[in-house]
1. Considering 66, 61, 79, which residue is modelled with pLDDT under 95 and closer than 14 Å to residue 3 by Cβ?
2. Does residue 96 qualify as being touching a helix residue (DSSP H, G or I) at 6+ places or on another chain (Cβ under 6 Å), in a loop (DSSP other than H, G, I, E, B) and at pLDDT below 90?
3. Within the set of pairs 6 or more residues apart or between chains, which connect a residue that is among the β-branched types (Val, Ile, Thr) inside segment 58-78 to a residue that is at pLDDT below 95 with Cβ atoms less than 6 Å apart?
4. Output the strands (runs of 3 or more DSSP E) that fall wholly within segment 7-81 and possess 1 or more residues being open to solvent by 50 Å² or more (accessible area, probe 1.4 Å), or say none.
Amino acid sequence: MLITVFYSPDPDKCMDLQVEATDTVKSVKQKIIAVYSPPDWANTALLAARGSTEYLENKKRLAQCRVQPGSVFKFSYARNLTTEEKLEMNTQGIQTEEFPVPPQMSISTLPPRPLPF
């Protein structure tokens, strides 16, 4: 079956891909990556139906995602941030989603306790 994938910030750039219902989402992403190389900062790729923010899971087959001939998708590169990167962004005033701070990174603002001896 033929699907259309928009793969660039330029809204006119797209490609038609010949895929099978048994193909995985990951294999579709790999076809796009072969044509549209990732930028240095990217460490993940996302694929969703165009106009949706529900990203398809890599291991699922296209049939499981209810992909039909003529389906239209949006492909984009992204970066999964580490806890340290999120913490750094937050200290710079850039809002990220909530995340747990590992204990070794916690900062106590309480006065020090006197030693028991």
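The values are calculated or read from the model by the stated rules, or taken from the named source; none is laboratory data. Being a predicted model, the structure only gives us computed values, none of them experimental. Cβ: placed from backbone, ideal geometry, glycine included. Neighbour counts: every protein chain shown. Surface areas here come from the heavy atoms of the whole protein model, side chains and all, with no ligands, DNA or RNA. Shrake-Rupley method; radii C 1.70, N 1.55, O 1.52, S 1.80 Å.
1. 66 is the lone residue from the list that is modelled with pLDDT under 95 and closer than 14 Å to residue 3 by Cβ.
2. So residue 96 fits the description; yes.
3. Close Cβ pairs (under 6 Å, with a partner that is at pLDDT below 95) amount to 72/50.
4. 14-18, 72-78
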